[in-house]
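The values are calculated or read from the model by the stated rules, or taken from the named source; none is laboratory data. Predicted model only: the values in this text are computed from it and were never measured. With ideal geometry, Cβ positions are generated from the backbone for all residues, glycine too; neighbour counts draw on all protein chains shown. The accessibility values were calculated without ligands, DNA or RNA, using every heavy atom of the protein model including side chains. Shrake-Rupley method; radii C 1.70, N 1.55, O 1.52, S 1.80 Å.
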Amino acid sequence: MAEVKVKPEVPDPLEIENRIIELCHQFPHGITDQVIQNDMPHMEPQQRAMAINRLLSVGQLDLLRSNTGLLYRIKESQNAGKMKGSDNQEKLVYQIIEDAANKGIWSRDIRYKSNLPLTEINKILKNLESKKLIKAVKSVAASKKKVYMLYNLQPDRSVTGGAWYSDQDFESEFVEVLNQQCCKFLQTKAEAAHDSKQNPMIQRNSSFASSHEVWKYICELGISKVELSMEDIETILNTLIYDGKVEMTIIAAKEGTVGSVDGHMKLYRAVNPIIQPTGLIRTPCGLCPVFDDCHEGGEISPSNCIYMTEWLEF
């Protein structure tokens with residue numbers, strides 16, 4: 001008796017798509033064609049390709065590249081509508097930029113991750129910018145280069161330089177004013193503690209101020225056009241420590257105390273230097289971090305040092 005071969009039932013296209021979505025939920029980092037094939041071995045490659053392409057076209061899946069090949073990952077609902085109608089290459093570039101978060105990514109790195117031609121990437125970037133899905137931000141790390149990130153993200157401090165930069169220019173005058181005001185606040189507190197005529201230990205303890213107190217004082221002065229954080233103020237206080245004008249101590253603090261972090265609080269107080277710095281230390285050479293690389297005729301030399309020129313003119 002001849003063997004009767006039963007042709008496997010062809011699944012409905014909608015069932016295939018739903019199963020692919022289920023697999024993506026099971027493997028949130030992404031699935032390959034092999035995963036889909038192993039799960040539905042009787043499905044024809046053409047059916048699989050049609051189902052995947054439809055899910056990509058309606059914005060339910062993301063197309064990613066990895067060392068092992070293409071990956072399909074479930075698309076977040078908030079972004080599915082944004083990329084509706086976009087082709088797969090545009091979705092791939094958008095996903096790469098989204099993964100870079102608020103630190104952004106250079107077009108060169110987008111090209112490396114997507115394996116797309118530079119001309120095609122530039123065209124996609126312009127299109128995404130026109131849709132206000134992404135934006136280009138100038139980085140302080142490289143003045144002639146731009147990084148791309150999602151349109152609604154606030155750039156990271158490493159990109160903008162934080163409060164100390166404006167249009168990629170370091171605001172040295174602003175930093176100097178903050179230095180002076182922070183030092184003045186701590187000096188006033190130290191003088192008030194000294195005038196209290198209490199015992200030396202109490203005077204010393206009373207002369208300390210937390211970074212939160214200094215931050216509050218600076219905010220109330222209204223000298224900053226940008227919003228400063230406690231981290232910004234601590235950066236300024238650190239420069240005063242390096243200058244020998246301020247000292248810091250760390251104490252244990254109750255959880256929830258204003259200005260405390262992980263059960264610790266930083267306290268600062270103004271101090272008078274034991275000895276005045278020597279003349280050499282006051283010159284740019286005395287504090288230059290590349291002093292050992294400086295020599296006449298080299299890339300760094302006294303003759304082309306802008307800091308030495310400014311110091312001599314002063």
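Between exposed trypsin sites (Lys or Arg not before Pro) in the chain, where DSSP calls loop and at most 15 other Cβ atoms lie within 10 Å, what's the longest gap? Display every interim value, and only then the final one.
Values: sites that count: Lys5, Lys84, Lys131, Lys132, Lys197, Lys225, Lys254.
With a cap of 15 other Cβ atoms within 10 Å, the longest stretch comes to 6-83.
Model label points for Val177 and Thr283, set 7 angstrom from Cα along the Cα-to-Cβ axis, are 3.3 nm apart.
Any idea what angle helix 45-57 forms with the longest principal axis of the chain, computed on alpha-carbon atoms, 0 to 90 degrees, nearest 10? Here the helix axis deviates by roughly 40 degrees. What is the helix-to-structure angle for 172-195, meaning the angle in degrees between its Cα long axis and the longest Cα principal axis of the chain, kept from 0 to 90 and rounded to the nearest 10? Result, in degrees: 50. Of the peptides 229-238, 20-29, 37-46, the ranking by mean beta-carbon count within 10 Å, highest at the top, reads 229-238, 20-29, 37-46. Compared with the dominant Cα axis of the chain, that is its longest principal axis, helix 13-26 is turned about 30°.
Rounded if a/c is under 1.5, else prolate if a/b beats b/c, else oblate: with a ≥ b ≥ c from the C-alpha gyration tensor eigenvalues square-rooted, which is the range 141-189? Prolate is the answer for the range 141-189, as a/c is 1.5 or above and a/b outweighs b/c.
Taking a straight line from the alpha carbon of Lys254, these aspartates and glutamates sit under 18 Å away, with near neighbours fewer than eight places off in the same chain left out: Glu213, Asp262.
The computed Rg and Dmax of the Cα atoms in Å for the structure shown corresponds, within (i) 19.2, 58; (ii) 20.3, 67; (iii) 30.4, 115, to (iii). Among the listed pairs Lys135/Lys225; Lys113/Lys138; Lys216/Lys245; Lys146/Lys266; Lys144/Lys266, those with a Cα-Cα distance over 32 Å are Lys146/Lys266; Lys144/Lys266.
Specify whether the C-alpha gyration tensor of the range 13-73 places it in the rounded, prolate or oblate class, a ≥ b ≥ c being the square roots of the eigenvalues: rounded for a/c under 1.5, otherwise prolate if a/b is larger than b/c and oblate if not. Taking the square roots of the gyration eigenvalues as a ≥ b ≥ c, the range 13-73 is rounded.
Rolled with a 1.4 Å probe across the full set of protein chains, the surface gives Thr119 an accessible area near 110 Å². Rounded, prolate or oblate: which one fits the range 109-155, using the alpha carbon gyration tensor with axes a ≥ b ≥ c (rounded when a/c is under 1.5, else prolate when a/b beats b/c, else oblate)? Oblate is the answer for the range 109-155, as a/c is 1.5 or above yet b/c matches or exceeds a/b. Of the residues Ser107, His264, Cys182, the one whose Cα sits farthest toward the positive end of the charge dipole of the chain, with +1 on the Cβ of Lys and Arg and -1 on the Cβ of Asp and Glu, is Ser107. Placing +1 on the Cβ of every Lys and Arg and -1 on the Cβ of every Asp and Glu, with no other charges, gives the chain a dipole of roughly 580 debye about its Cα centre.
Who wins for biggest fluctuation among Met201, Met149, Met265 in a Gaussian network model of the chain, springs between alpha carbons below 10 Å? Highest fluctuation among the options: Met201. Picking from Asn38, Tyr148, Ala209, whose Cα lies most toward the positive end of the charge dipole for the chain (charges on Cβ: Lys, Arg +1; Asp, Glu -1)? So the residue furthest toward the plus end is Asn38.
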